[in-house]
Amino acid sequence: MKQNHFAAIRNAILTSMILVPLIPFILALGTGYYYFTTSLESSTIASMKRIVEDHRQMIESFLEERKHDLDFILHSYTFEDLSQPEKLDTVFDHLQRGSQAFVDLGVFNAAGVHVAYHGPYRLIGKVYKDANWFKEVMQHGYYISDIFLGYRQVPHFIIAVTKEEAGKKWVARTTIDTVTFNNIVKGIRIGKTGEAYILNAGGILQTEPRSGGKLMDKDPHNIEYPSSNSSVETFIYKDVNGEKYLYTTTWLQNKKWLLVVRQERADAFRALISAAYLILLITVIGVAVIAAVAFYFTNRIVGRMQKMDVEKDRLNQQLIGTSRLAELGEMSAGFAHEINNPLQIIKNEQSLIEMNLSELKEAGQLQPSESLTELEDSMDQIKLQISRCAAITQAILKFSRQEEPKSQDIDLRSFISEITGMVAQKAVVHGISIEQDIAENTYPIHADPTQLQQVLLNLFNNAMDAILDQHGTSGGKLIIKAAPKENKTVEILVKDNGCGISPEDLTKIFSPFFTTKPVGKGTGLGLSVCYGIIGNIHGTMKADSEKGAGTTFILRLPAAV
Ligand code: ADP
């Protein structure tokens, strides 16, 4: 029953000790984690966008520069000039000196006939009137193509520009080296898995992704296209293997091409994932620490409570014992009183017999004889025992009388002798010798004799118990000393050669209810009451002891003034 009660208390304490710190801990950690990860996520995405924006500008300016190169030539030379192969060769050399990306250079008349060409293919004379690029450039004056195969059946893309001369348009066209362009686009480095490539509006690869895919193939990742009016956009997309990727896209060339940068999500958000692991670790450690502390303290608290409960039961037991003792005290007082009356009568009768005997002796009616002497001895013995009984009943009455303390000057020499007399018989029975050493010049002290008697009797009884414990009924020694000390004080020592007190117990002996004696024998109240009495008369009381060797109680009392 009690065990269940303690188990319930234990569970309640444990639950609240775990929950109370755990809830704010988790809340604080969760909020921190949320804000930290959101800001880290947005800063990762922002930096990704910045990288893509820079890359876009680089690609755009590469193409823009090539177009300017071509424009420059167109405005520096006439159609006539460039139609001459030697001239075209020289101009191409100049062009290539500016950028290795130029593969060839061709000149076309308004009918789309290839009139001059410098480059690795044989394209002179070919007619491009119906080619899409030719129509576009004639219409808009400038054109950058997607990658296409053309007559040469090799993937390439071209930049073409028109010029009007004397009312007639002509076209200059150059092919851009796909390897160079590819390298420019590919040459972006983001984390371990970041890569960049370009798609045209139809989802056809314009450069090769590092992770695989050939020029002019369909986008192997088949992403959804962002709306055509967005600038830089990011989104998470799963590839065919279920792997998640962070995509960042932006339009190029007036929305003709789409620059795609993609990176494995785990790679892009590596810092985020590390933070998540760290938080998880902190949570696990935090929870473990909270639980361990809660377990430890709960066990301690419940242990204490159980101990206190046992102590409470013991105190209750002792209280019952003590009240029984008090009742016994009262009973013995009544008993002593009752005995006293018949004792007085016996005493009177004994005196009468004694008186009659001596009268008879004087009248010569009783001859001295052995029997008479025995009779007289018996009379003496009866008288002696009567006065002993009277002394005992007096002592009991004196002890149990509950009165206001009545202080008076006490001469320790006679007072201590009286008390040792009270325990002398018990000492003899237990083989204990009592040594008494009261200095002649000892000051009288001012106290209630009944209370001081109680103190000394208690000390003597304790000493005799300890002696019995250590020596049995022979070899015991009890010494009582009193002597004047400095500052008008008197020191009383009660010294025994009993079992002694362990240093641990020595700190507790003056506490109420501390006892090492078996239940029913000790109450643990004696010394605490003595301590109170001595304190009331402004004295001090302490004990010196050595386990197994003996104990000395030292009282310091102020002298009567
Ligand atoms: P009680 O005698 O009822 O146990 P006390 O308050 O008089 O209560 O004493 C408390 C405890 O102090 C005793 O149980 C005993 O262990 C210890 N003690 C007191 N006097 C002595 C002594 N002279 N020698 C050894 N132990 C002592």
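The values are calculated or read from the model by the stated rules, or taken from the named source; none is laboratory data. Given the structure is predicted, the values throughout are model-derived calculations rather than measurements. No Cβ is skipped: glycine too gets one built from the backbone with ideal geometry, and neighbour counts run over all protein chains shown. Each accessible area value is taken on the protein alone, full model and side chains, heavy atoms only, with ligands, DNA and RNA left out. Shrake-Rupley method; radii C 1.70, N 1.55, O 1.52, S 1.80 Å.
Here are some notes:
- Each helix, a run of at least 4 DSSP H residues, gives -39500 (n - 2.57); summed and divided by the residues of the chain, these come to -18500 deg cm²/dmol at 222 nm.
- Kirkwood Rh, angstrom, segment 394-500 [1 / mean 1/r, Cα pairs]: 14.6 Å
- The orientation-averaged projected area of the convex hull spanned by the Cα atoms of the chain comes to 54.3 nm².
- Under 13 Å, Cβ to Cβ, from N182 - net charge with Lys/Arg +1 and Asp/Glu -1: 0
- Helix 412-429 axis, angle to the chain major axis (alpha carbon atoms, nearest 10°): 90 degrees
- Segment 101-158-segment 319-391 distance, computed between alpha-carbon centres (Å): 155 Å
- Rg ratio (alpha-carbon, reference 2.2 N^0.38 Å) - segment 212-342: 3.02
- Ranked order, T175, T373 - accessible area, probe 1.4 Å, largest first: T373, T175
- Cut-off under 5 Å, modelled amide H: who pairs with I223 long-range: none
- Per-residue Karplus couplings for segment 445-454, computed as 6.51 cos²θ - 1.76 cosθ + 1.60 with θ equal to phi - 60°, are listed in order as 10, 10, 7, 7, x, 5, 5, 5, 4, 4 Hz, Gly and Pro entered as x.
- Phi angles across segment 25-38 convert, under the Karplus curve 6.51 cos²θ - 1.76 cosθ + 1.60 with θ = phi - 60°, into 3J(HN,Hα) values of 4, 5, 4, 4, 5, x, 5, x, 4, 4, 5, 5, 5, 5 Hz, Gly and Pro given as x.
- F72 - accessible surface, heavy atoms, 1.4 Å probe, Å² rounded to 10: 140 Å²
- Taking the convex hull of Cα positions in segment 198-259, its mean projected area over all directions (nm²): 4.0 nm²
- Kirkwood-Stokes translational diffusion coefficient of segment 361-452, alpha-carbon pairs, 37 °C, 0.692 mPa s, µm²/s: 193 µm²/s
- Extension reserve of the N356-F25 stretch, reckoned as 0.36 nm per residue once the Cα distance is removed: 108.9 nm
- Evaluating 6.51 cos²θ - 1.76 cosθ + 1.60 at θ = phi - 60° for every residue in segment 297-306, the Karplus couplings come out as 5, 4, 4, 5, 4, 5, x, 4, 4, 5 Hz, glycine and proline recorded as x.
- Within the full protein context, the accessible area of V113 is estimated at about 40 Å² for a probe radius of 1.4 Å.
- Sorting V494, V103 on solvent-accessible area from highest to lowest, probe radius 1.4 Å, gives V103, V494.
- By the Kirkwood approach, averaging reciprocal distances over each pair of separate Cα atoms, segment 1-76 gets a hydrodynamic radius of 18.6 Å.
- Counting only protein chain heavy atoms and rolling a 1.4 Å probe, the accessible areas of K192, K517 rank, largest first, as K192, K517.
- Amide H contacts for T193 (H built 1.01 Å from N in the peptide plane; partners 5 or more residues away or on another chain; cut-off under 5 Å): E264.
- With DNA, RNA and ligands ignored, accessible area of M331 (1.4 Å probe; Å², nearest 10): 130 Å²
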